[in-house]
1. Using Cβ contacts closer than 10 Å as the measure, can you line up L65, L72 from fewest to most?
2. State, as an integer percentage, the relative contact order of the chain based on alpha-carbon contacts under 8 Å between residues 6 or more apart.
3. I need the peptides 41-49, 130-138 ranked by packing, meaning the mean over residues of other C-beta atoms within 10 angstrom, with the highest value on top.
4. Once R0 is set to 41 Å, what does the formula 1/(1 + (r/R0)^6) return for the Cβ-Cβ distance between L95 and I4, expressed as a FRET efficiency to the nearest 0.05?
5. Take the alpha carbon gyration tensor of segment 14-79, find the square roots of its eigenvalues, order them as a ≥ b ≥ c, and report rounded if a/c is under 1.5; if not, report prolate when a/b exceeds b/c, else oblate.
6. Most mobile of A31, A11, A39 per a Gaussian network model of the chain (Cα springs, under 10 Å)?
7. Scan around G75 for amide H atoms under 5 Å from its own, H built in the peptide plane at 1.01 Å from N, and keep only partners 5 or more places away or cross-chain.
8. Going by how many other Cβ atoms sit within 10 Å of their own, how do V73, V122 line up, fewest first?
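Derivation of every value follows stated rules applied to the coordinates shown; laboratory data play no part. Here the structure is a predicted model, which means the values were calculated and not measured. Glycine gets a Cβ as well: all are built from the backbone with ideal geometry, and neighbour counts include every protein chain shown.
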Amino acid sequence: MSEITNEQAIADWSNAPREMLDNFGDEGDFARQHLLNPAIFALLGDVCGKLVLDAGCGQGYLARLLARKGALVTGIEPASTLYQYADEREHAEHLGITYIQADLSSPNNLASVFDYVVANMVLMDIPDYQAAMHHCIAALKPGGGLIFSILHPCFDEPESEWASKGCVEVH
């Protein structure tokens, strides 16, 4: 198996059909609504007035939920279709979200800016996830919090890069 590049992963996600994005829902799919969102919001606590980066924001559902809770949200998304969808929704709803089209694994100008960085179900889809994690951590203010979720290994594909690279260590 050849390793996929960040550019290939971004191109694949850029081909997401509009119907899929529309059907995702305002609060995400079933797993996000009933498992991930409650856990993320419990970990975040009160986000009113907090600067939050939604890292790999996809179609922007979580950024919108955070903004409705009073957070000052920036969403980063490299895939053109997902970024455009999120940006269109922001122009329609005016929640104050700033969207940036950028690759999380590439350097950015967001060092030491955010109270929280949330990377919800995204790191396992970024081939250079170590660089992406580094940039997420660098985006935090001193004492800021990083919350991330990834696919549970029992749902992973046998050809997964995560499996082929062995265990993932967090330091």
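1. Numbers: L65 21, L72 17.
Ordered from fewest to most neighbouring Cβ atoms within 10 Å, L65, L72 come out as L72, L65.
2. Normalised by residue count, the contact order of the chain is 21 percent.
3. Going from most to least packed, we get 130-138, 41-49.
4. 0.80
5. It comes out oblate by the Cα gyration axes.
6. A31
7. D54, T98, Y99, I100
8. V122, V73
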